[in-house]
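A short worksheet on the structure shown next.
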Amino acid sequence: MAQPAPHLSEGSSGARDNAQEGAGRCRPGLRVPNVDDGYRRMVERNMPCLQEPKDVCGARVTQHVDPDGRPISVGEDRQGS
């Protein structure tokens, strides 16, 4: 699977500047079969974690930081979907 690599807009500071949304922002999300397994694998590979796995609206989610400093949301299918 190809991974997009958008560039930040001028004046943007990546994940450090979450208060302002605008051009040049990238918020990728991934769907995995098991968030807890994925979380454990990412932590073992020293991928910074912003949010440990938790249930949100019936879905299990976690957030990490990619090598470029952008947040990545990881979720699994809702139960019963």
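The values are calculated or read from the model by the stated rules, or taken from the named source; none is laboratory data. Please read all numbers here as calculations on a predicted model, not as lab measurements. Cβ coordinates were reconstructed from backbone atoms using ideal geometry, including for glycine residues, and neighbour counts include every protein chain displayed.
Odds and ends about this structure:
- With respect to the stated conditions, Gly24 fails to be at pLDDT below 90, over 12 Å from Val74 (Cβ atoms) and surrounded by 14 or more Cβ atoms within 10 Å (Cβ to Cβ).
- Search result, residues across segment 57-68 that are within 16 Å of Val32 (Cα to Cα) and loosely packed, with under 12 Cβ neighbours inside 10 Å: Gly58
- Scanning segment 40-63 for residues being under 15 Å from Asp77 (Cα atoms) and touching a Cys at 6+ places or on another chain (Cβ under 8 Å) gives a total of 1.
- Restricting attention to segment 51-65, the residues being touching a strand residue (DSSP E or B) at 6+ places or on another chain (Cβ under 7 Å) and either under 17 Å from Arg25 (Cβ atoms) or modelled with pLDDT of 90 or more (or both) number 10.
- In segment 66-81, the residues that are at pLDDT below 70 form Cβ pairs under 9 Å with partners that are surrounded by fewer than 18 Cβ atoms within 10 Å (Cβ to Cβ), at six or more places apart or across chains, as follows: Arg78/Cys57; Arg78/Gly58; Arg78/Ala59; Gln79/Gly58; Gln79/Ala59; Gly80/Gly58; Ser81/Gly58; Ser81/Ala59.
- Only residues that are without any contact (Cβ under 8 Å) to a residue 40 or more places away in the chain and assigned to a loop (DSSP other than H, G, I, E, B) were counted in segment 22-39, giving 4.
- Qualifying residue in segment 40-50 (condition: exposed (fewer than 10 other Cβ atoms within 10 Å of the Cβ), in a loop (DSSP other than H, G, I, E, B), on the phi < 0 side of the Ramachandran plot and at pLDDT 90 or above): yes
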